[in-house]
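All of the numbers you see were taken from the coordinates with simple rules; none came from a lab. Every value quoted in this text rests on a predicted model; they were computed, and no experiment measured them. Glycine gets a Cβ as well: all are built from the backbone with ideal geometry, and neighbour counts include every protein chain shown.
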Ligand SMILES: *Cc1c(COP(=O)(O)O)cnc(C)c1O
């Protein structure tokens, strides 16, 4: 099976992990801050907090921003469930803003309209979490302007988008947000096995996230309410978690990061070949506005012609039967049983639902050969005629 996404591990990556295995520290050693500094410097941001997943990063981001039970958070329905679950962990109320039918990201128009009605109803969100779908940034400048007008904070879910850019700054710079989150799951742009990171320019958010990552424990006596009993002493000053990443993972991440530009460029070439091959066919692809350079995490084709829409499952099954590991990103989060239990229903976010019924993700990753890509193109071409 040709997978839709997969990791690319080099000999240098393997050696970086082996070096940690032979060292004194498997966790909480020198590689975690090294990896954090490397990502922060690349993204031109002040602080980076590495954790064991993007899901954890989203959770501590919400906590650091002061989200509490009963507060509201909004995200896109066209995302992985984790973008919304971070609010539920805290007892917040989660709601969604429908997508733009061309960029497949949160629609700024829909956001504006929902903010206006929510202001009248007194139900404004505390945090909005735009998702940079497939690696293309949302229109952050406009979202930032709305955040000033309506008083919400912004977490960018950039799980797809490390290596991408927005208006000439790297995704992760937090120029238009409070916090940006990356994922290092193996199908994402770079991997640590499992892993994630939260980036910010705000020193107090950095301090809160660092505290929450490791049990709420401090060893710095200036943060304690009494002088230390001795050198062994630490204090737990609030309730945190064990969301730490290991040194093994951080060493892999730092090594992978050195090839991020290569990864983006390899994926961009694949995307361009797909774009060319599909010209003239009755399929739509994601519109990537001039304000963003996509990392090209995913390549989605949309069977929007009536003739093809009805055949999405048949085409998907035939691709799988041919050995092509196509996938679908994403099942709208509000249609998941857990969210239906909370009161959402099909029809609530029609653009995301229509998009879902037409989408197929094609293979795009750094181990996809030109001949395998040719095979994908030929197979899809034959199926849609
Ligand atoms: C992968 C992903 C996550 C979760 O990442 P993990 O590192 O697996 O926790 C969250 N949001 C989006 C958009 C993702 O694609």
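Some observations on this one:
- Two-site FRET efficiency, residue 88 against residue 309, from Cβ-Cβ distance with R₀ of 35 Å, rounded to 0.05: 0.60
- With the highest mean first, a sort of the peptides 51-63, 263-275, 98-110 on other beta-carbon atoms found within 10 angstrom per residue produces 51-63, 98-110, 263-275.
- Inter-label distance, nm, simple model (7 Å from Cα along the C-beta direction), residue 120/residue 26: 6.0
- Comparing the chain with the 2.2 N^0.38 Å rule of thumb, its C-alpha radius of gyration ratio is 1.02 (two decimals).
- With respect to the chain, whose longest principal axis is taken over its alpha-carbon atoms, helix 54-64 is tilted by about 50°.
- Alpha-carbon centroids, the stretch 108-123 and the stretch 196-237: separation in whole Å: 37
- Remark: relative contact order (the stretch 209-344) = 14 percent; criterion is Cα-Cα distance under 8 angstrom and separation of 6 or more residues.
- The angle separating the long axis of helix 140-150 from the principal Cα axis of greatest extent in the chain is about 60 degrees.
- Stretchable slack from residue 34 to residue 342, in nm (0.36 nm times residue separation minus alpha-carbon distance): 106.7 nm
- Here the relative contact order of the chain, from alpha carbon pairs under 8 Å that lie six or more residues apart, stands at 23 percent.
- Taking 335, 200 and counting other C-beta atoms within 10 Å, the order from fewest to most: 335, 200
- Of all DSSP beta bridges confined to the chain, the antiparallel ones make up roughly 60%.
- Packing-based order for 129-135, 224-230, 352-358, using average beta carbon neighbours within 10 Å, highest first: 129-135, 352-358, 224-230
- In this simple spin-label model, placing a label point 7 Å from the Cα along the Cα-to-Cβ direction at both residue 231 and residue 259 gives a separation of 4.3 nm.
- Rounded to the nearest 500, the helix-only mean residue ellipticity at 222 nm of the chain stands at -12000 deg cm²/dmol, with each DSSP H run of n ≥ 4 adding -39,500 (n - 2.57).
- Exposure proxy for 90, 283, 179: other Cβ atoms within 10 Å of each Cβ, ordered fewest to most, give 90, 283, 179.
- Judged by the mean number of other Cβ atoms found within 10 Å, the most tightly packed of the peptides 213-221, 66-74 leads the ranking 66-74, 213-221.
- The stretch 287-306 and the stretch 245-263 have Cα centres separated by 26 Å.
- Projected-area average for the stretch 224-328 over all orientations - Cα convex hull basis, square nanometres: 13.6
- Rounded to 5, percent antiparallel among DSSP beta bridges of the stretch 1-149: 10
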